[in-house]
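Asker: Okay, handing you the structure first.
The values are calculated or read from the model by the stated rules, or taken from the named source; none is laboratory data. Small disclaimer: the values here were computed from a predicted structure and weren't measured. All Cβ positions, even for glycine, are placed from backbone atoms using ideal geometry, and neighbour counts span all protein chains on display. Just so you know, the surface numbers come from the protein's heavy atoms only, side chains and all, with ligands and any DNA or RNA stripped out. Shrake-Rupley method; radii C 1.70, N 1.55, O 1.52, S 1.80 Å.
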Amino acid sequence: MVRVHYAKGLLELFEKAPALQNRIEYTLWFFPEIEDIRFGRAARSAYYDSGSGTVRLTRGSSVYVIGHEITHYLQDGRHFNGKTLPEGERQCDLFLFARSPALVFDVWEGRDSSYLGKALNLGLLKELYSKEEGQMMVYEACREAVAMYKERPCHYIRWAEKRINENIMQRLRHRYS
Ligand SMILES: [Zn+2]
């Protein structure tokens, strides 16, 4: 069972925004390797506080944002006791998306923008895919990239971005052929 510590400021926020606690608990379900973790409140936007090893969130933090900041904790060998993940923002998103389609950024109903997404054609992704299809497609590309990376060092991030964009362009061609 995971030990979750919520700072006082965040517990106070839960009283006004109970859905945030639900989103945190839902997101944690996808991280079975975590034994204990600390959450606090962020003043403006969510971030991972590497000084104290705390995931700091705001009232509106989405499942993607929560998952992204939790993944930064897994990159931090000073606080996380398990096997750490490669550092970096794009690495963070790629390893997050490879866990589940449910953790892929939501450009459909939500307002997420991902570090990985900067290289992607998000307008077309949104237009040509439903949310479920799009999240599944991104998840599969990232899962494949993580498997490649585990086998040997490679340009797995660029590979995943290229793969996702190729899928989008292929779907575009199908639509107009
Ligand atoms: Zn980040």
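Asker: Collect the residues in segment 24-49 that are surrounded by fewer than 17 Cβ atoms within 10 Å (Cβ to Cβ) and in a helix (DSSP H, G or I), keeping them in residue-number order.
Answerer: Result: GLU25, TYR26.
Asker: Checking GLN21 against (1) surrounded by 15 or more Cβ atoms within 10 Å (Cβ to Cβ); (2) within 16 Å of the ligand (Cβ to nearest atom), only one condition comes out false. Which one?
Answerer: All conditions pass for GLN21, except number (2).
Asker: Looking only at segment 126-177, how many residues end up being within 19 Å of ARG99 (Cβ to Cβ) and not charged (D, E, K, R)? Spell out how you get there, then give the answer.
Answerer: Keep residues of segment 126-177 that are within 19 Å of ARG99 (Cβ to Cβ), which gives 131-151, 156-157, 159-161, 163-164.
Now restrict to residues that are not charged (D, E, K, R): 134-139, 141-142, 145-149, 156-157, 159-160, 164.
Of the residues in that region, 18 qualify.
Asker: Continuing with the same structure: Restricting attention to segment 103-143, which residues are out of contact with any helix residue (DSSP H, G or I) (no Cβ under 7 Å at 6 or more places or on another chain), open to solvent by 10 Å² or more (accessible area, probe 1.4 Å) and in a helix (DSSP H, G or I)? Give the derivation first.
Answerer: Step one: of segment 103-143, the residues out of contact with any helix residue (DSSP H, G or I) (no Cβ under 7 Å at 6 or more places or on another chain) are 110-111, 113, 117-118, 122-123, 126-127, 130-133, 140, 143.
Next, only the ones that are open to solvent by 10 Å² or more (accessible area, probe 1.4 Å) stay: 110-111, 113, 118, 122-123, 126-127, 130-133, 140, 143.
Once the filter is applied, which keeps residues that are out of contact with any helix residue (DSSP H, G or I) (no Cβ under 7 Å at 6 or more places or on another chain), open to solvent by 10 Å² or more (accessible area, probe 1.4 Å) and in a helix (DSSP H, G or I), segment 103-143 yields LYS118, LEU122, GLY123, LYS126, GLU127, LYS131, GLU132, GLU133, GLU140, ARG143.
Asker: Still on this structure, please answer the following. Does segment 50-70 include one or more residues that are in a helix (DSSP H, G or I) and polar (S, T, N, Q)? Show your work before the answer.
Answerer: First pass over segment 50-70, keeping only residues in a helix (DSSP H, G or I): 63-70.
Adding the requirement that they be polar (S, T, N, Q) leaves none.
No, there is no match, as no residue in segment 50-70 is in a helix (DSSP H, G or I) and polar (S, T, N, Q).
Asker: Still on this structure, please answer the following. Give the residue that is farthest from TRP159 (Cα to Cα), with candidates limited to residues of segment 39-65 that are of a type in the set (Val, Ile, Thr) and within 12 Å of the ligand (Cβ to nearest atom). Walk me through it before giving the result.
Answerer: Quick first cut of segment 39-65, residues of a type in the set (Val, Ile, Thr) only: 54-55, 58, 63, 65.
Those left that are additionally within 12 Å of the ligand (Cβ to nearest atom): 55, 65.
Values: VAL55: 29, VAL65: 23 Å.
The residue in question is VAL55.
Asker: Test of understanding: among LYS118, LYS126, which residue is more than 15 Å from the ligand (Cβ to nearest atom), at pLDDT below 95 and not hydroxyl-bearing (Ser, Thr, Tyr)?
Answerer: Numbers: LYS118 fails: more than 15 Å from the ligand (Cβ to nearest atom).
Within the list LYS118, LYS126, the selection yields LYS126.
Asker: Here is a follow-up. Looking only at segment 66-83, filter to residues that are within 11 Å of the ligand (Cβ to nearest atom) and within 10 Å of LEU103 (Cβ to Cβ); which one of those is surrounded by the most Cβ atoms within 10 Å (Cβ to Cβ)?
Answerer: Only one residue fits best here, namely GLY67.
Asker: Here's a follow-up. Which of the residues spanning segment 34-66 are of a type in the set (Ser, Thr, Tyr) and over 25 Å from ARG111 (Cβ atoms)? Talk me through it step by step, then tell me what you get.
Answerer: Going residue by residue through segment 34-66, those that are of a type in the set (Ser, Thr, Tyr) are 45, 47-48, 50, 52, 54, 58, 61-62, 64.
Across segment 34-66, the qualifying residues are SER50, SER52.
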